[in-house]
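Participant: Sharing a structure with you now.
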Amino acid sequence: MPAVRELVAEMRRLREEEIALRGKSVNDTAQYRLYAPADDATITEHEASSGAQYSPAYREFLEMSNGWLGFWPDWSLIGVPRAENRDMYADVSDTLSIIPDELDASEQAKLIEEEKHDAKRILATNHMIFATNFNGGLMVFDRNRVDVAGEPEAVWVGYIYHVERRYPSFAALLEYAIADTRKEIARLRQARG
């Protein structure tokens, strides 16, 4: 598997091509932006305060860019809290605020136990959240499913605890996004004639 740095560079190139094919600008920072890097101490501090850890590959990404607005059409990658990603954190907070209306404390505790054995169940608050689609969808690193290299599965969580899709790792998510973006570019080119 290519290094995270190479995957991010390829995804960036493709994403910017796709945006241009749509007649939009990559300079529209309200829709698309890679943020300045985060340093190791800040990343570690955020992990300690949140009680969850980023995957090693995602830490590598954060050292290149502390988040990516418009990473993939519906998704944005969240970095450590800073002014530029305040809207992402507000969206995550709004999404998570629904949990008490859906699950009481005992149901949440039960779900935390179930997710250890059932890959179709997960409670987003029990894991490091690393992406939002600004529409109730989140992506988390599943602390219960970690490979021998220390890379947890990346999980798309819909409606707070429904597993929509799993990727073996953050790098695998990048590879999937790259393949999907290539298909979309081909579709856009064909539509233009």
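Each reported figure results from applying straightforward, stated rules to the coordinates on display, with no laboratory input. Since this is a predicted model, take the numbers as computed values, not measurements. Neighbour counts are summed over all protein chains in view; Cβ atoms, including those assigned to glycine, are modelled from backbone coordinates with ideal geometry.
Participant: Evaluate the distance, in nm, between pseudo-label points positioned 7 Å from the Cα of residue 49 and of residue 120 along their respective Cα→Cβ axes.
Facilitator: Going by the 7 Å Cα→Cβ label model, 3.8 nm.
Participant: Another one. What percentage of all Cα-Cα pairs in the stretch 125-169 are separated by more than 16 Å?
Facilitator: Cα-Cα pairs of the stretch 125-169 separated by over 16 Å account for 28 percent.
Participant: If you average 1/r over all unlike Cα pairs in the stretch 4-192 and invert the result, what Kirkwood radius do you get in angstrom?
Facilitator: 17.1 Å
Participant: Show the residues, 5+ positions off or on another chain, whose built amide H is closer than 5 Å to the amide H of residue 53.
Facilitator: Here 128 satisfy the definition.
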